[in-house]
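The values are calculated or read from the model by the stated rules, or taken from the named source; none is laboratory data. It should be emphasised that the depicted structure is a prediction, and the values quoted were computed from it without experimental measurement. So basically every Cβ, Gly included, is an ideal-geometry build from the backbone, and we count neighbours across all protein chains shown.
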Amino acid sequence: MGLWDRIQKDIQKSIDESITAMRKGATVAVEKAEELAEEGKRRYRVFELKMKVQSNFTDLGGKVYDLVSKGSKNPLLDMKVISTIKGVKKLEAQIAKLESASSKKSSKKGARKSKPKRK
């Protein structure tokens with residue numbers, strides 16, 4: 001085998017290795033992008049739920065104020081108030097579930113071995 005043949009073979013080998021490395025890198029990038037997209041969706045869902053809780057608290061305050069201003073002895077016995085409180089509790093449970101799922105994933109990532117820092 002001549003010099004030119006060895007050079008061509010080495011170049012082709014380098015190209016093949018580069019393509020393999022690029023495919024691996026692209027696969028890792030796609031996986032990371034999917035993880036980040038899922039985390040973003042989860043955070044947005046938590047935000048939406050918290051906004052609903054805020055809205056329910058506003059409604060609850062308005063209902064209680066209305067009942068008290070009309071002379072109601074105990075506004076907590078009103079069915080609308082009870083219903084709103086139950087709704088808030090359900091939303092809180094959903095938020096807690098989503099936030100715990102998010103924290104579990106982030107703690108798994110933290111458990112990975114990190115590369116030693118260069119000095």
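Would you point out which residue out of K70, K104, K52 is modelled with pLDDT of 90 or more and under 27 Å from the mean Cα position of the chain (by Cα)? Just one listed residue meets the conditions, K52. For beta carbons closer than 9 Å, sequence separation of 6+ or different chains, a first residue in the range 56-80 that is under 24 Å from E92 (Cβ atoms) and a second that is of a type in the set (D, E) and surrounded by 10 or more Cβ atoms within 10 Å (Cβ to Cβ), the qualifying pairs are K63/D78; V64/D78; L67/D78; P75/D66; K80/D59.
In contact with a Lys or Arg (Cβ under 7 Å, 6 or more places away or on another chain), at pLDDT 95 or above and part of a helix (DSSP H, G or I): is that true of L98 in this structure? Criteria not met by L98.
When the residues of the range 73-84 are filtered to those that are surrounded by fewer than 14 Cβ atoms within 10 Å (Cβ to Cβ) and not polar (S, T, N, Q), the one that is nearest to the chain's Cα centre (by Cα) is I82. T58 passes every criterion in (1) surrounded by 12 or more Cβ atoms within 10 Å (Cβ to Cβ); (2) β-branched (V, I, T); (3) within 31 Å of the chain's Cα centre (by Cα) apart from (1).
Examine the range 21-33 for a residue that is under 17 Å from the mean Cα position of the chain (by Cα) and in contact (Cβ under 8 Å) with a residue 40 or more places away in the chain, and state whether such a residue exists. No, that holds for no residue.
For V28, the test of being over 30 Å from S83 (Cβ atoms) and either modelled with pLDDT of 95 or more or assigned to a helix (DSSP H, G or I) (or both) is passed.
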